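Please treat every number below as a calculation from the coordinates, not as lab data. Everything numeric here is computed off the predicted structure, so don't read it as measured data. Cβ placement follows ideal geometry from the backbone for every residue including glycine, while neighbour counts extend to all protein chains displayed.
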Amino acid sequence: MTKKIQIRIGPDGTIEAETFGIKGKSCLELIPLLEKIMEAKAVDSDYKPDYYEEDNQLLGEQHVENRNH
């Protein structure tokens, strides 16, 4: 499966990022990069079942807060 990150920006500036094709905890390494690119701070994380697989990669959803709003 191809590894992807889907980013959604709501009308209120709320940003959600969701990974696909990444298992385990490795997507947690993406949080600082996403925070820097979007000038935002992660405030919550929801984990999907693939997060708990041993592939050392994550399939999860990250919620970040835009620092400019």
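Of note:
- The phi-based Karplus calculation (6.51 cos²θ - 1.76 cosθ + 1.60; θ = phi - 60°) puts the 3J(HN,Hα) values of region 5-11 at 10, 9, 10, 10, 10, x, x Hz, whole numbers, x for Gly and Pro.
- Take the Cα of SER45, step 7 Å toward its Cβ, do the same at LYS3, and the gap between the two points is 1.5 nm.
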